[in-house]
Amino acid sequence: MEFRGKNVLLVDDSIVRGTTSREIVQMARESGARKVFFATAAPPVRFPNVYGIDMPTRAELIAAHRSEDEVAAEIGADALIYQDLGALIEAVMHVNPKLTNFEASCFDGRYVTGDVTADYLHVIETRRDAQRDAGDEEAAQLDLNLVATG
């Protein structure tokens, strides 16, 4: 598809590391897009999921320590539109008012088990980074059900 001279809105389900988003934006630019706007159906992913999904560490999450404008610049977009977490929860509750509790820790950093602390995340991330630095990529994808002691 050619976008020569057009403004383009790209929509994706989420932005985690930003690598795929960056590639998609680049493809639109290479197809001649004048401006590229990027929208995601998810809020910014700022925290790792520790309940069994292998998620990157905070250092690997593009939105963990960046503003929306900084993420847009990182992926090469002219502007970035995230789904608002409050609006997302409200929409779900509108469809099913019986749903009142949401596990949205990767967006808001509030872990439902109550035992995930900054120290716990630090232990997980330190171990994962050490294994990655040692070249053991498979082991770097830790079982995130670790017990932090210390």
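The values are calculated or read from the model by the stated rules, or taken from the named source; none is laboratory data. Everything numeric here is computed off the predicted structure, so don't read it as measured data. FYI the Cβ positions are ideal-geometry reconstructions off the backbone, even for glycines, and counts take in every protein chain you see. All accessible areas refer to the heavy atoms of the entire protein, side chains included, with ligands and DNA or RNA removed. Shrake-Rupley method; radii C 1.70, N 1.55, O 1.52, S 1.80 Å.
Checking each residue in region 105-136 for being among the small types (Gly, Ala, Ser) and in contact (Cβ under 8 Å) with a residue 60 or more places away in the chain picks out only Gly109. Filtering region 47-58 to residues that are touching a helix residue (DSSP H, G or I) at 6+ places or on another chain (Cβ under 9 Å) and over 14 Å from Glu125 (Cβ atoms) leaves Tyr51, Ile53. Among the residues of region 94-150, the ones that are exposed (fewer than 12 other Cβ atoms within 10 Å of the Cβ), over 22 Å from the mean Cα position of the chain (by Cα), modelled with pLDDT under 90 and of a type in the set (A, V, I, L, M, F, W, C) come to 2 in all. Contact map, region 4-23: residues that are within 14 Å of Gly76 (Cα to Cα) paired with residues that are of a type in the set (A, V, I, L, M) and in a helix (DSSP H, G or I), Cβ distance under 6 Å, separation 6+ or inter-chain. Pairs shown: Val8/Ala28; Leu10/Ile24; Gly18/Ile75; Ser21/Ile75; Arg22/Ile75.
Counting only residues that are open to solvent by 40 Å² or more (accessible area, probe 1.4 Å) and farther than 23 Å from Thr57 by Cα, region 10-23 holds 1 of them.
Restricting region 27-68 to residues that are of a type in the set (D, E, K, R) and closer than 26 Å to Arg132 by Cβ leaves a set whose member that is surrounded by the fewest Cβ atoms within 10 Å (Cβ to Cβ) is Asp54.
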